[in-house]
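Engineer: First the structure, which I've put down as structure tokens, then a few questions once you've had a look.
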Amino acid sequence: MAIQTRSTGSFPTATIASPHGGLPVEVSLIAQLGHGVGDQMHAGASALQRAHPAFVNELDEPSTKLGGTDFAKGDATALYTFAVGTKGHPFHRHAGHRVFTAVSGSGGAQLRFSTATSAELADDPAHFARTLHHIDIPPDCMFTVRFNGTTWHQFAPLDPAHPALFAISCHTNELGGELSETVRQQVLAGTASIPSLTETLPGAVLHWLAANPPASEDIPTIALALEAAPGSLQSRLCRVARGMLGRLRGLCATCRKAGGFLWESQGRLPVQAIEPPKDSLLRGQLEHSHQHEDMVRIRLRDPALARAGAPRLLAGLLDGFLRNPPSSVSRMMAVRNTLVRPLGLRTSPLGCPVSSLLSRQAGETFDGRFPVLAQAVDARHAQVILGADDKHLRFRSCVAVRIVDDAHVELTLGTRVHCKNLFGDIYIGLIERMHRHHVSPAMLRLAAEHAFMRQPVRSSPLRVLPL
């Protein structure tokens, strides 16, 4: 028996050529993972797989479909997960081409392939064993496999105390190969599964194998490895250590509750700096003496918002300032309040542009609940003036909503500041850049997101217009 060990400069790869000119079997090791990771991954991922709505448990190969075909869009691919446990699974084949990436268990895995055709097996069942090849995968390894769908294959653990592997499989063409009409209709309907696409060995071959089990020493075998040569003392010691840790980590994984998390963001609303429009109420505030002025705008495309009317939208926007202030601005205000409180200056937990919304002084209100200094409201354009006077400065802010047309809405927040003394000039000089580039844009953005992106105000998806 010829035995040869050689080193490779890259991914170790085993290839089994097809005697009939078809596609070869190709197996490549990609990475050696941490001790015990294979069993841990098999246990954890199998628990997630069992909880999936498309889970199927047949042929000793529990599986689930992660993504199906979409023939209407020209996509014939499908994505599955599958697991092979401590008992392995039966020899089988598929009609179509297969590609999968897997992680071996902490005892390693043996991949068994036979290139015998149906005609050859019908003539002589023993031909199955004559075309049999084994590929050994070390413990806790990531590897890739691809092969022609007509190739008979079986996966089993090298150590039956550990699972064989957990894999993500891509069916490159779910309609590929010779499918029966029943299976073809299942594929077209999107109801196909790994078991429905699987053909097991003919009974005659199974009977022959039961009576004449081939000795492993008689089967051509390729052993792949990354960190130590197969059969070396280092390899054997590593296998023992990985097996011990694999049992422990696999047990720990089964004790955890299966489940994951999904975090989703709709993306930030873009904010644009603009000059106050000619009809803005801000132009009449502090018009003869102001040392700072800024205005920012958000433009939205949403017919349902436009139909709601400017007054209702403005009320929602003002409520958004109160209910969804930026955490960064709130932290800055907390520091600012601590520093200026000994000086007897006005304090507020809200950012200064809209801090007067928390005022308890009797006076004019908008929508019966928001204190304002002035307002101009009609169905298509609603705006209010907020503000307060302090020892060192006076500020006025204009919050406005404009219905541009039947589909477009503009939201604006503008501020003017008049400095009453030298301290006011210094104060504005210190905060002006932060106010212009962060405070005002962040406050308008988060108020708009709260008012118009998190509540069922709309009947159609909101679109943000490019600036």
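Engineer: Which numbered condition in (1) modelled with pLDDT of 90 or more; (2) in contact with a Leu (Cβ under 9 Å, 6 or more places away or on another chain) is the only one that HIS207 fails?
Structural biologist: Looking at each condition in turn, HIS207 falls short on (2).
Engineer: Quick check, is ALA17 assigned by TED's automatic domain parsing to the domain that holds LEU132 and either over 28 Å from the mean Cα position of the chain (by Cα) or surrounded by 15 or more Cβ atoms within 10 Å (Cβ to Cβ) (or both)?
Structural biologist: yes
Engineer: Moving on. Just checking: which of the strands (runs of 3 or more DSSP E) contained wholly in region 114-191 hold 1 or more residues that are of a type in the set (S, T, N, Q)?
Structural biologist: Correct list: 141-147, 152-157, 165-171.
Engineer: Additional query: For PHE91, which of the numbered conditions (1) modelled with pLDDT under 95; (2) touching an Asp or Glu at 6+ places or on another chain (Cβ under 8 Å) fails to hold?
Structural biologist: Of the numbered conditions (1) modelled with pLDDT under 95; (2) touching an Asp or Glu at 6+ places or on another chain (Cβ under 8 Å), the odd one out for PHE91 is (2).
Engineer: Against the definition (in contact with a Pro (Cβ under 7 Å, 6 or more places away or on another chain), over 30 Å from ILE298 (Cα atoms) and not assigned by TED's automatic domain parsing to the domain that holds VAL399), how does ALA229 come out, yes or no?
Structural biologist: The answer is no for ALA229.
Engineer: Inspect all residues belonging to region 242-259 and state whether any of them is hydrophobic (A, V, I, L, M, F, W, C), in contact (Cβ under 8 Å) with a residue 12 or more places away in the chain and within 30 Å of GLY351 (Cα to Cα).
Structural biologist: no
Engineer: Moving on. What do you reckon, is GLY320 at positive phi and at pLDDT 90 or above?
Structural biologist: When the stated conditions are applied, GLY320 does not pass them.
Engineer: If you don't mind, another one. Which one is modelled with the lowest pLDDT among residues in region 433-467 that are among the charged types (D, E, K, R) and assigned to a loop (DSSP other than H, G, I, E, B)?
Structural biologist: For region 433-467, the residue satisfying everything is ARG458.
Engineer: Next question, about the same structure. Is there a residue being in contact with a Ser or Thr (Cβ under 6 Å, 6 or more places away or on another chain), under 30 Å from ARG301 (Cα atoms) and either in the same structural domain as GLY424 (by TED's automatic domain parsing) or of a type outside the set (D, E, K, R) (or both) anywhere in region 332-345?
Structural biologist: No, the conditions are met nowhere in region 332-345.
Engineer: Next question. Of all residues being part of a loop (DSSP other than H, G, I, E, B) and in contact with a Gly (Cβ under 8 Å, 6 or more places away or on another chain) in region 229-272, which is surrounded by the most Cβ atoms within 10 Å (Cβ to Cβ)? Just the residue, please.
Structural biologist: In this case the residue turns out to be ALA258.
Engineer: Working only within region 154-165, note down all residues that are farther than 24 Å from LEU201 by Cβ and either within 30 Å of the chain's Cα centre (by Cα) or charged (D, E, K, R) (or both).
Structural biologist: Passing the criteria: only ASP159.
Engineer: Just one of PRO325, PRO342 is closer than 21 Å to GLU449 by Cβ and either in a strand (DSSP E or B) or of a type outside the set (Phe, Trp, Tyr) (or both); which is it?
Structural biologist: Only one candidate passes the filter, namely PRO325.
Engineer: What number of residues in region 192-208 are touching a helix residue (DSSP H, G or I) at 6+ places or on another chain (Cβ under 9 Å) and either closer than 19 Å to SER169 by Cα or polar (S, T, N, Q) (or both)?
Structural biologist: Total meeting the criteria: 5.
Engineer: Turning to a different aspect of this structure: Within region 210-228, restricting attention to residues that are surrounded by fewer than 10 Cβ atoms within 10 Å (Cβ to Cβ) and aliphatic (A, V, I, L, M), which residue is farthest from VAL25 (Cα to Cα)?
Structural biologist: Ranking the candidates gives ALA211 first.
Engineer: Being over 33 Å from the mean Cα position of the chain (by Cα), β-branched (Val, Ile, Thr) and more than 21 Å from ALA95 (Cβ to Cβ) is the filter here, so list the residues in region 119-146 that pass it.
Structural biologist: Of everything in region 119-146, just one residue is over 33 Å from the mean Cα position of the chain (by Cα), β-branched (Val, Ile, Thr) and more than 21 Å from ALA95 (Cβ to Cβ), namely ILE135.
Engineer: Mind checking which residues of region 133-147 are surrounded by 21 or more Cβ atoms within 10 Å (Cβ to Cβ) and of a type outside the set (A, V, I, L, M)?
Structural biologist: PRO138, PRO139, ASP140, CYS141, PHE143, PHE147
Engineer: Kindly indicate whether any position in region 209-227 is of a type in the set (A, V, I, L, M), in contact with a helix residue (DSSP H, G or I) (Cβ under 6 Å, 6 or more places away or on another chain) and either outside any helix (DSSP H, G or I) or farther than 19 Å from THR77 by Cα (or both).
Structural biologist: Within region 209-227 (the criterion being of a type in the set (A, V, I, L, M), in contact with a helix residue (DSSP H, G or I) (Cβ under 6 Å, 6 or more places away or on another chain) and either outside any helix (DSSP H, G or I) or farther than 19 Å from THR77 by Cα (or both)), the answer is no, since none of the residues qualifies.
Engineer: In addition: Quick one: count up the residues across region 340-378 that are charged (D, E, K, R) and exposed (fewer than 12 other Cβ atoms within 10 Å of the Cβ).
Structural biologist: 4
The values are calculated or read from the model by the stated rules, or taken from the named source; none is laboratory data. Small disclaimer: the values here were computed from a predicted structure and weren't measured. With ideal geometry, Cβ positions are generated from the backbone for all residues, glycine too; neighbour counts draw on all protein chains shown.
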